[in-house]
1. Could you order the peptides 45-56, 196-207 from most to least packed, using the average number of other C-beta atoms within 10 Å per residue?
2. Between residue 249 and residue 137, what length in nm is gained on full extension when 0.36 nm per residue of separation is reduced by their alpha carbon distance?
3. Taking neighbour counts of Cβ atoms within 10 Å as a proxy for exposure, in what order, fewest first, do 7, 135 appear?
4. Going highest first, how would you order 67-75, 167-175 by mean Cβ packing within 10 Å?
């Protein structure tokens, strides 16, 4: 039985934060455990991937969740076509908390619901800002060729906020995200002399700042920034819910059950 490789190929340039998104490759999990000797010259790929702000996509948009939706590859035993796998797009967020499109049309599905994807389909994350073409083949895809998308621009600002308020909130979130782990800063540390901020644990093994490539002469703990971030998390509505929960787990700070509920209530 042939092994289909499912590739999510980025189609557009996504700004200075993510100038080169990576091609995401998947294959059916049954192909990894079918009792056959694997071909050593070909790597094994996972059977599912989350789309959002994470290390798999290299998207660093602070306004996106880490797990907006999930692409799953499964063996299709009933398929009568040449393709022996089926590809699912499963929502990880309820409607209103994700902006996913397929072939230019919004996907209005509840959390856990899915639709099937086929070869050539185009997935849009944050509507049309991050586009991926689904490619199903028995060989590696060709290098990415950017396309000219004549798709409408998104209307990103929420109705309750003005454009200026939305931009200020996004900039504030971006300043509080570590450029290495892409999480909310924990144990905020400033590099001298450049002043860039990173998590304490992320900064320990570095000799140069990853943002400006300057040599690090010393590290300064930024207690005031830690206090500001703590209050921003407790306020709720600024950071995405999963990011807030993850911050609470990573920080080890004494959040009460009431504070945790309030933190995520207003999002």
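Taken together, the values in this text are just the output of simple stated rules run on the coordinates, not laboratory data. Every value quoted in this text rests on a predicted model; they were computed, and no experiment measured them. Methodologically, a virtual Cβ is constructed for each residue, glycine included, from the backbone with ideal geometry; neighbour enumeration extends over all protein chains shown.
1. Order by mean packing, descending: 45-56, 196-207.
2. Values: separation 112, 0.36 × 112 = 40.32 nm, distance 4.06 nm.
So the extension gain works out to 36.3 nm.
3. On the way: 7 22, 135 18.
The most exposed by this proxy come first: 135, 7.
4. Numbers: 67-75: 19.6, 167-175: 14.1.
Sorting 67-75, 167-175 by mean packing, highest first, produces 67-75, 167-175.
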